[in-house]
Structures are given as structure tokens and as C-alpha cells.
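Engineer: Just dropping this structure here.
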Amino acid sequence: MNINENFLTLQKNYLFSEVQKRKEAYLKKHPDVDVISLGIGDVTLPLAPVVIEAMHHGVDDMADKKSFHGYGEEQGYLFLRDAIRKYYEKKNVTLDNAEIFISDGAKSDLGNMLDIFSIDNTIIIPDPVYPVYVDTNQMAGRKIIFIHGTKENGFLPMPQEDLNGDIVYLCSPNNPTGAAYNRNQLQAWVDWANDHSAIIFYDAAYEAFLTQAYPSSIYEIEGAKQCAIEFCSLSKTAGFTGVRCGYTIVPLALEKDHVLLHDLWLRRQSTKFNGVSYIVQRGAQAVFTPVGQQQIQEAITYYLENTEMITKTLKDLGIWHTGGKISPYIWMACPKGFTSWEFFDYLLDKCQIVGTPGVGFGKQGEGYFRLSAFQDHDKVYEAMLRMIAHLGF
């Protein structure tokens, strides 16, 4: 038996495992210390009441032979796909229900979508960015070209004349930097993709945090249906991190080498995925009701209030930062010349706060640090008091 050597290379380098390892080591030495996590992007608020109610109804359906559901539709139940289609109508985006695939989250589909593409494709990935993009392609042995997000370009790299590749990953608002592409910038990427016969993998997991000044779907951009696949998740939109539900849009018009990618993805999913549970899909349907939209917006506003506390503190401390206003993440420069991991250890040791080292998101992240707003108000407030006390230098 031979082991995939690409996996062995990645085995010891998973960012969030290292963060957890260092946190546990610290707690072992200081068991009575209250460590506040502003690191991994997990939510803390419970599911919206309307979602819970819908899931209870779903459980009742499963208890009655007349309403019991076994295997569901391969692409997801029509009631949920139709709700998502109507949600996109509010963005002035017209979709066919057949273009919508229900999944257990954007992370899964971002990795699994590669099944329908050859390993000979060249991948373009911004740096810094969500590690899954890089890891899933390195596991398969694909060639990766990194385009640099920097302070100078607002951590929003744009296509250059000499850029060539087959698949490009875009995330807006970006994880980890919180930066978002405007319409003109996305139009430039769509035009580049169509001119180069490339595919855009567009990660819209944080679209609910955007204001109307920014496009929240790639399909708001002219020509996108000919070059883009959109991935979205209810994890951060509606707190589904522990429930698992998302959706991916594969346009019927998306064709490469005279093959419809929609049909390939449907074939892949029919073979390797048995769908999201009926109960979860009923809960997801409730997210897109008027009451559901109101309730999840209350949670999003709650997290954005955390970003206000964090950004105000960093401003008062004179620490450069970006993100926050249209994103749950704040991207800050490490003070006093700390490297990303040095600042992680300092923040944990002096403030008992866990964040995420920027270098874990790519080489361009060295010297930066990500703070997450997914935490309770009182915890964030306490964390900021600690930072004020120990980062004044």
C-alpha cells in the first residue's frame, strides 16, 4: 500500500490544529485561567427561534408514517431550493431551481467540486486566504499560483495581464482579512475568467455581512454565469455550524470543453453524497422566510457590535487593522515587530486571548493576526480590557 505523499506533507501543518494544541498546552499549565477565544470562526449564539420551530415540525413529520421522509431529492428538497431561488431574486439574480444544490456546507463543496476537474488544471489562489483552498489542491497534487493580497492593494488582488490559470478562488468578504470586492473589481475578474476560459470558485459564505454597496453574489456581475460557481453556507449566516447546511450554484450555462459542469456535478453528488437531512433542510427553509431573515439579521448585528468593540480598541492602541464593518473578522498588524506566532504566544500568555496567526493563511499573512467577532459581548468586552492593559507597550 502506498500513502498519498501530498497528505503527509500537510499532516503536521494544519493551522487550527496548531492553534488548539498551543491553547491546550497553556491551559494544562494554567488550569484556572479563563482563556477567551477570538480565534476559530465558530458562532456562539443559538439558532433563530423560527429555525428551531421548523426543525421541531420536521421531527414531527418524521414521527408520522404519512409525512415521513427517507432518501431526499439528490439536489436537495424543492421547498428549500425554491426558497433560495426567491432569496436570489431579491439580489436581482435569476436562478433556475435546477442550478441550486443543497449541501452540508461550503467547505465540503469547495473541496469536492475538484472531483469534476482534472489534476492538470492550474489553480490560482489569493494569499492570504482560507487554508482549505490550498490544502485540497495540494492533496491532489495540482499546480498552484499564488496572487498576493497586501496592505497596498487592500488585500484584494486583481488579475494582471500575464496571469494564466484554469481555476481561481475568490472569497468576498475574505476570510481572514475581511476585505470585499466591489462591483468593478468583480467585473474585472469575471471578464478575465471569460477571456481566459477559466472558472471562478466564488466563496460567498459571509455574504450576509455585506452592505448593499457590495455585490453579495457573483451572479450580480454580467457574464458570471458563463464562468463562475458560487458556494454559500448557513454556518455564519444563520449559526448552522453545528447543524450543517449550505448550497452551491452551478449555472446551466456553465460549459467547458462542450461539457455542462452542472451535469457533471449532479453526477458526482449522486454518486458520493446522500444529501442533507430532511429536518435540517426544513430548518434552513425557515432562514429564508421574512421572520427568519429578521432574526438572523439580529444575530449578525450582534456580532458586528463585537467588531466595533474590537476595532475601537485597536484604534485607541494605535494598531493598524482592517475588516470588521462588513465582516466578522478583523485583520490586524502584529505590534512591535512580532511575527504572527510570536504575537499568538504573547497574546495568550499576557492577555489569555486566543486569536489566529495570519501566516497560517499564507506567506503574505506573516506579521498579521486575525481576530474573530464570533463571541459573546461580555467576553469580547473583557478581552478588550485585557488588550488595553497589556498592549499599550
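Engineer: What does the charge add up to near GLY58, with Lys and Arg as +1, Asp and Glu as -1, over the other residues with Cβ less than 12 Å from its Cβ?
Structural biologist: -3
Engineer: Now for a separate question. Ranked highest first by average number of other Cβ atoms within 10 Å, how do 126-136, 317-327, 110-120, 86-96 line up?
Structural biologist: Highest mean packing first, the order is 126-136, 317-327, 110-120, 86-96.
Engineer: With the Cα gyration tensor of region 1-151 giving a ≥ b ≥ c as the square roots of its eigenvalues, does the rule (a/c under 1.5 for rounded; else a/b larger than b/c for prolate; else oblate) give rounded, prolate or oblate?
Structural biologist: Oblate.
Engineer: Under 16 Å Cα to Cα from LYS312, which aspartates and glutamates show up? Leave out anything in the same chain fewer than 8 places away.
Structural biologist: The reachable aspartates and glutamates, counting only those whose Cα sits under 16 Å from LYS312, are ASP378, GLU382.
Engineer: With each pseudo-label sitting 7 Å past Cα toward Cβ, what's the PHE79-ASN6 distance in nm, one decimal?
Structural biologist: Going by the 7 Å Cα→Cβ label model, 4.0 nm.
Engineer: Give the accessible surface of the chain per residue, rounded to a whole number of Å², with probe radius 1.4 Å and ligands, DNA and RNA excluded.
Structural biologist: Working: 17970 Å² over 393 residues.
With all protein chains present, the chain gives 46 Å² per residue.
Engineer: Name the GluC sites (Glu not before Pro) in region 110-216 that are in a loop by DSSP and that have at most 16 other C-beta atoms within 10 Å, would you?
Structural biologist: GLU152, GLU161
Engineer: If you average the alpha carbon positions of region 161-188 and of region 226-254, how far apart do those two centres end up, in angstrom?
Structural biologist: Result: 17 Å between the Cα centres.
Engineer: In region 354-393, which residues have a backbone nitrogen under 17 Å from the label point lying 7 Å from ASP316's Cα in the Cα-to-Cβ direction?
Structural biologist: What the label zone holds, given the 17 Å backbone N cut-off, is 377-393.
Engineer: Now, a different point. Hey, what's the Cα Rg ratio for region 251-393 versus the globular rule of thumb, 2.2 N^0.38 Å?
Structural biologist: Values: Rg = 21.0 Å, N = 143, 2.2 N^0.38 = 14.5 Å.
The reported ratio for this selection is 1.45.
Engineer: When the chain is fully extended, how far beyond the present Cα-Cα distance does GLU366 get from GLU161, taking 0.36 nm per residue of separation? Display every interim value, and only then the final one.
Structural biologist: Working: separation 205, 0.36 × 205 = 73.80 nm, distance 2.69 nm.
That pair, GLU366 and GLU161, stretches by 71.1 nm at full extension.
Engineer: Sticking with this one: Mind checking which of PRO131, GLN297, GLY337 is farthest towards the positive end of the chain's charge dipole, using Cβ charges of +1 (Lys, Arg) and -1 (Asp, Glu) about the Cα centre?
Structural biologist: Ranked along the dipole, the leading option is GLY337.
Engineer: Across the Cα atoms of region 217-298, what radius of gyration and what greatest pairwise Cα-Cα distance (Dmax) are found, in Å?
Structural biologist: 15.1, 45
Engineer: Compute, for the chain, the length of the dipole vector about the Cα centre, with Cβ point charges of +1 (Lys, Arg) and -1 (Asp, Glu) only. Units Debye, rounded to 20.
Structural biologist: Details: 35 positive and 47 negative charges, 141 e Å.
The calculation lands at about 680 debye.
Engineer: Given labels modelled 7 Å from the Cα in the Cβ direction, how far is it in nm from ILE145 to VAL33?
Structural biologist: Result: 4.5 nm between the two label points.
Engineer: Take the cross-link list LYS143/LYS272; LYS236/LYS350; LYS350/LYS379; LYS29/LYS350 and give me the ones stretching past 20 Å between alpha-carbons.
Structural biologist: On the way: LYS143/LYS272 25 Å; LYS236/LYS350 30 Å; LYS350/LYS379 16 Å; LYS29/LYS350 14 Å.
Beyond 20 Å between Cα atoms: LYS143/LYS272; LYS236/LYS350.
Engineer: Return the carbon/sulfur percentage of the accessible area of the chain, one whole number, probe 1.4 Å, all protein chains in place. Let's see the in-between values first.
Structural biologist: Working: 9050 of 17970 Å².
Its accessible area is 50 percent carbon and sulfur atoms.
Engineer: How would you classify region 87-143 from its alpha-carbon gyration tensor, with a ≥ b ≥ c the square roots of the eigenvalues: rounded for a/c under 1.5, else prolate if a/b is greater than b/c, otherwise oblate? Don't skip to the end; give the middle numbers.
Structural biologist: Working: a/c = 2.31, a/b = 1.93, b/c = 1.20.
Taking the square roots of the gyration eigenvalues as a ≥ b ≥ c, region 87-143 is prolate.
Engineer: Considering amide H positions built from the backbone, and no H for Pro or chain starts, which residues 5 or more places from ALA228, or on another chain, come under 5 Å of its amide H?
Structural biologist: Residues meeting the amide H criterion: ILE200.
Engineer: What's the extension gain from GLU222 to SER118 if we count 0.36 nm per residue and subtract their Cα-Cα distance?
Structural biologist: Values: separation 104, 0.36 × 104 = 37.44 nm, distance 2.71 nm.
Using 0.36 nm per residue and subtracting the Cα-Cα distance, I get 34.7 nm.
Engineer: Only residues of region 33-48 count here: report those whose backbone N is under 19 Å from the spot 7 Å along Cα→Cβ of MET62, or say none.
Structural biologist: In region 33-48, the label zone of MET62 (backbone N under 19 Å from the point 7 Å along Cα→Cβ) covers 47-48.
Engineer: Now for a different question. Does region 172-316 classify as rounded, prolate or oblate by the C-alpha gyration tensor (a ≥ b ≥ c root eigenvalues; a/c under 1.5 gives rounded; else a/b over b/c gives prolate, otherwise oblate)? Intermediate values should be presented prior to the final figure.
Structural biologist: Values: a/c = 2.41, a/b = 1.26, b/c = 1.92.
Judged from the Cα gyration tensor, region 172-316 comes out oblate (a/c at least 1.5, b/c at or above a/b).
Engineer: Then there is this: Per residue of region 259-267, what does 6.51 cos²θ - 1.76 cosθ + 1.60 with θ = phi - 60° give for ³J(HN,Hα)? Whole Hz please, x for Gly and Pro, Karplus curve as stated.
Structural biologist: The phi angles translate into 10, 7, 5, 4, 5, 5, 5, 4, 5 Hz.
Engineer: Would you pull out the residues with amide H under 5 Å of ILE147's amide H, same chain only if 5 or more places away, H placed 1.01 Å from N?
Structural biologist: ILE125, ASP127
Engineer: Also: I'm spelling it out carefully: the read-out is semi-axes √(5λ) of the Cα gyration tensor in Å, the candidates are (1) 60, 27, 17; (2) 37, 27, 20; (3) 33, 27, 21, and one was derived from this structure. Which label?
Structural biologist: Computing semi-axes √(5λ) of the Cα gyration tensor in Å and matching it to (1) 60, 27, 17; (2) 37, 27, 20; (3) 33, 27, 21 gives (3).
The values are calculated or read from the model by the stated rules, or taken from the named source; none is laboratory data. Since this is a predicted model, take the numbers as computed values, not measurements. Cβ: placed from backbone, ideal geometry, glycine included. Neighbour counts: every protein chain shown. In case anyone asks, the SASA skips ligands and DNA or RNA and just uses the protein heavy atoms, side chains included. Shrake-Rupley method; radii C 1.70, N 1.55, O 1.52, S 1.80 Å.
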